[in-house]
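Contents: one structure, followed by commentary.
The values are calculated or read from the model by the stated rules, or taken from the named source; none is laboratory data. Only a predicted model underlies this, so the values are computations on that prediction, with no experimental measurement involved. Neighbour counts run over all protein chains shown; Cβ positions are idealised from the backbone, glycine included.
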């Protein structure tokens, strides 16, 4: 394979920058462009060693930068190939010059994710670990980072491989019975096959159930704040964010478009969306904002419906109640610092099953009650990834679900006493589903799709 090179640090100014090379001719290229202060032959340099020196342009002999070069010898490297990492001063000019001199001396520019792809193809990591790398890079919270680190350690792979090994042992015995009936091979009983399938099914169902929490950790929770104009939606957003993010005035209809911000609650990212006030209006621009408000509420995981507690229930309030009727929602009665007129109306069966919280966004009263309800609503305090494997990837969840369906079909075939070779076909399907999770059997198109999501240099 060719020797690839890429800048691995993010663009911009920085104390250091890193250029990464990997491939068979890696050390030869380094020898051409790097002059070490204490020169050694490659054979004399041990892996995991760093040498100080200067990167030069071999043609002009001009010094480009003084650097530290790290040496990693196959197979003990990130890609399982010979690798070098050039640690230079930060700044795009220096990094680009070093990249250019690497390219002009035999390296080729790496594709996005190609270093990790080679690590996968060379057997150093499996597909779940490769996907965990990009999740770790993109983590939006400490919990997501922790779960990604767990999967990078191979915890999920071990669980999947344990289930696969149990099914493979079953398949070996089935194949022996089918191929060599004349030999004294222990016969696979239907009862034994069913027991193994039930055991694997339990293991996979445990993983599948973790997806709801895993999805929350990875994707966060989308929360829309809706209400009539001047109910206090923007004031509430500012209190949650603890900053004056949205403009607040006494003029109705100040917010015309969606305002989106993120905040962490119990270590879980919430995407908070402040919306335009919902009411009847002839203003075309405001109408567009109101339609966006309704769409945002419908697409959200949870809605906070804000009502002005100092006013009587109006038609637009009834429309808001209808929007949240079948939604996971919290009803917030704002402006409790003013005279109450709405409390009795909202408790007369109109918000059945919805938590009602009274607040004053202006005076910062009752905001903690909203946090507490959100924590209880999603069981956020119970979502811990330290000691449990959580499925965070939709691809993994889909394949596990397919495997469970195939197991149920296999068990039904056993109960009907179908021939064992017929049952083995369905077991092979289960093995294929689980193998696709870890990459034991996976298409080239899927590999390309997964690694194309990586950043350059990783």
Out of region 226-238, which residues are more than 28 Å from the chain's Cα centre (by Cα) and either assigned to a helix (DSSP H, G or I) or free of Cβ contacts under 8 Å to residues at least 40 places away in the same chain (or both)? 233, 234, 235, 236
Restricting to region 288-316, give me the number of residues that are in contact (Cβ under 8 Å) with a residue 60 or more places away in the chain, over 30 Å from residue 380 (Cβ atoms) and either part of a helix (DSSP H, G or I) or outside the structural domain of residue 358 (by TED's automatic domain parsing) (or both). 1
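Residue by residue, here is whether (1) closer than 23 Å to residue 77 by Cβ; (2) in contact with a helix residue (DSSP H, G or I) (Cβ under 9 Å, 6 or more places away or on another chain); (3) in a helix (DSSP H, G or I) holds:
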| site | (1), (2), (3) |
| --- | --- |
| 21 | yes, yes, no |
| 31 | yes, yes, yes |
| 38 | yes, no, no |
| 43 | yes, no, yes |
| 51 | yes, no, no |
| 64 | no, yes, no |
Test each condition in (1) modelled with pLDDT of 95 or more; (2) assigned to a loop (DSSP other than H, G, I, E, B); (3) touching a strand residue (DSSP E or B) at 6+ places or on another chain (Cβ under 7 Å) for residue 84 and report the one that comes out false. (2)
Condition test on residue 223, is it modelled with pLDDT of 85 or more, in a strand (DSSP E or B), under 30 Å from residue 392 (Cβ atoms) and in the same structural domain as residue 308 (by TED's automatic domain parsing)? yes
Of everything in region 140-160 that's assigned to a loop (DSSP other than H, G, I, E, B) and at pLDDT 90 or above, which residue is farthest from residue 433 (Cα to Cα)? 153
From the list 418, 432, 412, 368, exactly one residue is outside any helix (DSSP H, G or I), without any contact (Cβ under 8 Å) to a residue 12 or more places away in the chain and more than 30 Å from residue 95 (Cβ to Cβ). Which is it? 418
Looking only at region 267-287, count every residue that is touching a strand residue (DSSP E or B) at 6+ places or on another chain (Cβ under 6 Å) and either assigned to a strand (DSSP E or B) or outside the structural domain of residue 321 (by TED's automatic domain parsing) (or both) and tell me the total. 6
